[in-house]
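K.L.:
Just dropping this structure here.
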Amino acid sequence: MRNDVRFATLAAGLALAVVALAGGPAVGGPPSPPPLAPLPELKPEKPEQVELGKMLFFDNRMSGDADRRCADCHDPKKGWADGMALSDGYPGNKYFRNSKTIINVAYAPYLYWDGRMDGEDLPTQVRDALTESYWHLMDGRIMLERWKQAPEYVERFKTAMGGEANFGRTLNAVAAFMKSLTSKNVPFDKYLKGDQGAISEEAKQGLALFQGKAGCIECHNGPMLSDYKPRALGVPENPYVFLTPKRHLQYRSVMKSLGVPNYMNLLEDVGYYGVSKLKKDIGTFITPSLREVSRTAPYMHNGMLATLEDVVEFYNKGGGDRPNKDALLKPLGLSVSEKAALVAFLKTLSGDELIPPDLDRLNDQKMLAPYAKYDWLKYSH
Amino acid sequence: MARTRSKMIVTLLMVVAVAGSGVLVAQGAEQKFVELNGEKFPALAALGPPPIPMDLPQKRDARGFPVLDDPLVQLGFLMMFEGRLTGDGSLSCATCHVPKEGWGLSSAISRGYPGTSHWKNSQTVVNTAYLGKLFWQGDSLALEAQGEAANTGLSGNAKTDLSEERLRQVPEYVKRFKEVFGTEWPILKDAWRAVAAFQRALNDENTPFDRYMRGDKSALTPKQIKGMELFQGKAGCIQCHNGPMLTDEKYYNTGLPQQEEFLKDPVLQFSARWQHYQRGVSEEIYRKSKTDLGLYFVTKVKDHMAAFRTAPLRHLVYTAGYMHNGVFDTLEDVVEFYNEGGGDDPIQRDFGFSTKTKRLKPLKLTKEEKEALVAFLESTTGKEIILPEPKIPDDGIFPAALAKFGQLPPEKFIEKEKKKE
């Protein structure tokens, strides 16, 4: 009882603090952006589903040619991204955008750099990743027959998902695992909850700049530090999207399937325009979350900025150069120490490194739920 | 000369129409029949020129047979070897239709896409121009459709959007497709049309058997002639293996033995289950069946369970193993199987009723008769068709991309080693 009262008081104080940090609405001015806030608690996923989903996430049999795992482009040791400017994709092709971390994906309302996937429906994102030619090129029917050939999966699907391995249960299990990957012990969240010592003085200065002079808060706001809106920044094109044949043809193939006109002649990544087909959206990308950002270099949709320092400098110069560049972007005139403070703040957004304790087992494809040789004429499937 | 692509459907319909009238006979030739046990069957005959779609003319020789020296055919030949058509780029048509293996595959069961297995024997590409029903269960009715279908699922796992863009990334192909089809960019359907044209030019029609049927009575040995008599008489092969292609293109369950690889290979086991699942059979049949259901997968008629299209008996010398599951290594094994009246019906075993053809009865052939039959079966093979493997052209960078971004050092990739069976 006493604890409850104390918590309520703390929460009320916190709310005030958050409003104060955000600066509050200016009288007569534009509405202020949603305040920064700690990640809300989520209802925990069922552990047995998370466990099954984790195994599938690391299983290369969940791709067409049994050679590509989710974990190849979402590697726990690389912040659950892949550390490369442009992601690899399925063998035979190369992808044309940067791999995003899947940490905190449970909170994201839109998925992918162009926001073409609904974050509320994570199993459908898993379906997309499995079946699209550029990621797993997986026939869902052969996938479930593979699981049924592995006695450990047969058992785990029964106990965790309530029946035989099928396509939907596979998607749900992987989605459960992905939702379970949320930031833990984030210094900035601790600070927001009242632990003044959780972040350095420099980081606090960076936070003030983030919400003030640097104006980052205009787009990077709320608990995920993102407004999830499409924005044109003028990040330079990554020339390799168009100079590496396997990337260029992959890009065209995706644009063709999205119904983008004149896809044969595009020499820029049109981003969210591929979804909206509105000219004003050419070259816009959905604002990314800044959580765990220190682990997921290189940055931007095409990995063109190598470090957080580069990113801050990019914004300091008012972004790049394009006709429909977001009006919010203007040169900031930040000093060297101010830029360093911003970077220090951004680093407080990373929590514990989320490395599965059984990573070695998960990476050993021979040990991961091996196939059985059934007595073909006798066994019942 | 550019070929227009607008009449493709018409072409397909025409091919179907011709095929639908039974086994193809040379134009102008009169259909002859042989009688056996009171039934009439199309007579064995030499091959005439194959039918060619009217909207995609091919160069022919003086006798009317399509020739290899044709830009369309040469493009199709390239496409046969082109990995870019398949899902991860690691396979091509020629992976399972190897020139040195009779344009089929010498293994009993064909290869599958990496991480899966095929579950049937790979058939030769030679003489397919004459067939109206393609695949062992007649899934496709035209070569154009067959190639495309073979590039999906457990054989090719391709996505058309991607395969098409891969072709467009190759300057050599942009040029050659434009020359042959007149399109600005290669179109995937045209790749399959080119492959079909190549197949129509890949014929083994000057075999001892064909020469004999055209009047050269010295082309067959006395033993082979005796084999042919048995074929049309005591052995009764003609009941199903008739006409110039030695097939009636109808479907029979012969009670073929189980392919033993199924009993031990997990990848083959789940791939076989996949075949049932993706064909949309009922749950009961999906769970009970332990054999390839053949024509049933197409028609869902119970009488068609485990029935397969009568195999053409040409080019046999180069195309062992035999039967839809490659269970027999030699023609002697095949003759012996029929001598015993076929095998035990797997449908009886799995479902308690039989679909095995009533035509098969023990033949009581002597050793000499069996040898004569094998000798005859060898007479329908001519020269081995070996073509040098073509050089696959490289990807290129679009000139407009080079103009915009300039020349940069190429990206370096560490490719994961591909798993190949």
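K.L.:
Please give, to one decimal in nm, the separation of the simple spin-label points placed at A:Glu152 and A:Lys77, each 7 Å out from Cα toward the Cβ.
P.N.:
Roughly 2.0 nm, to one decimal.
K.L.:
Please report how far the C-alpha centroid of segment B:142-171 lies from that of segment B:54-131, rounded to the nearest whole angstrom.
P.N.:
Centre-to-centre distance over Cα atoms comes out at 13 Å.
K.L.:
What residues from segment B:76-109 fall in the zone where the backbone N is under 18 Å from a label point 7 Å along the Cα-to-C-beta line of B:Asp395?
P.N.:
Only B:82-92 pass the distance filter.
K.L.:
Continuing with the same structure: For chain B, with a Gaussian network of springs between Cα atoms less than 10 Å apart, report the residue from B:Gln169, B:Gln199, B:Gln74 with the top mean-square fluctuation.
P.N.:
So, out of B:Gln169, B:Gln199, B:Gln74, the one fluctuating most is B:Gln169.
K.L.:
Can you give the local net charge around B:Ser354? Use residues other than it whose beta-carbon is closer than 12 angstrom to its beta-carbon, Lys and Arg +1, Asp and Glu -1.
P.N.:
Once all neighbours under 12 Å are counted, the net charge is 0.
K.L.:
Here's a follow-up. Which residues' amide hydrogens lie under 5 Å from the amide hydrogen of B:Phe328, considering only partners 5 or more residues apart or on another chain, with H built in the peptide plane?
P.N.:
Those lying under 5 Å, H to H, from B:Phe328 are B:Tyr322.
K.L.:
On a C-alpha basis, how far is the centre of segment B:254-300 from the centre of segment A:314-378 in Å? Whole number, if you could?
P.N.:
Each part reduced to its Cα centre gives a spacing of 45 Å.
K.L.:
To continue, here is another question. Considering only DSSP beta bridges where both residues belong to the protein assembly as shown, give the percentage that are antiparallel (nearest 5). The partial results should precede the final answer.
P.N.:
On the way: 16 of 19 bridges.
Here the share of antiparallel DSSP bridges comes out near 85 percent.
K.L.:
If I model a spin label at A:Asn185 and A:Asp360 as a point 7 Å from the Cα along the Cα→Cβ vector, what separation in nanometres do I get?
P.N.:
Computed distance between label sites A:Asn185 and A:Asp360 equals 2.2 nm.
K.L.:
Taking the Cβ-Cβ separation of B:Lys250 and B:Val34 as r and a Förster radius of 22 Å, what is the calculated FRET efficiency to the nearest 0.05?
P.N.:
Given R0 = 22 Å and the Cβ-Cβ separation, E is 0.85.
K.L.:
So, one more: Could you list which residues have their amide H under 5 Å from that of B:Asn253, counting only those 5 or more apart in sequence or on another chain, with H placed in the peptide plane?
P.N.:
For B:Asn253, the qualifying residues are B:Phe308, B:Thr357.
K.L.:
Counting Lys +1, Arg +1, Asp -1, Glu -1, what net charge surrounds B:Glu229 among other residues with beta carbon under 12 Å of its beta carbon?
P.N.:
+2
K.L.:
A 31 angstrom limit on the alpha carbon distance is what I want to check against. Which of B:Lys100/B:Lys370; B:Lys264/B:Lys364; B:Lys133/B:Lys159 exceed it?
P.N.:
Listed pairs above 31 Å: B:Lys264/B:Lys364.
K.L.:
Ok, one more. Can you tally the net charge around B:Thr299? Count Lys and Arg as +1, Asp and Glu as -1, for every other residue whose Cβ sits under 14 Å from the Cβ of B:Thr299.
P.N.:
Net charge around B:Thr299: +4.
K.L.:
Where the only charges are on Cβ atoms (+1 Lys, Arg; -1 Asp, Glu), what is the dipole of chain B about its Cα centre, to the nearest 20 debye?
P.N.:
The calculated dipole for chain B is roughly 560 debye.
K.L.:
For segment A:220-315, please report how many Lys pairs fall under 17 Å Cα to Cα, leaving out neighbours fewer than 8 apart on the same chain.
P.N.:
Lysine pairs, 8 or more places apart or on different chains, close enough: 6.
K.L.:
Under 18 Å Cα-Cα from A:Lys378, which aspartates and glutamates qualify once same-chain neighbours fewer than 8 residues away are excluded?
P.N.:
A:Glu145, B:Glu260, B:Glu261, B:Asp265, B:Glu283, B:Glu284, B:Asp292, B:Asp344, B:Asp345, B:Asp350
Bear in mind these aren't lab numbers, they're just calculated from the coordinates by the rules spelled out. Only a predicted model underlies this, so the values are computations on that prediction, with no experimental measurement involved. Every residue, glycine as well, gets a Cβ built from its backbone with ideal geometry; the counts of neighbours run over all protein chains shown.
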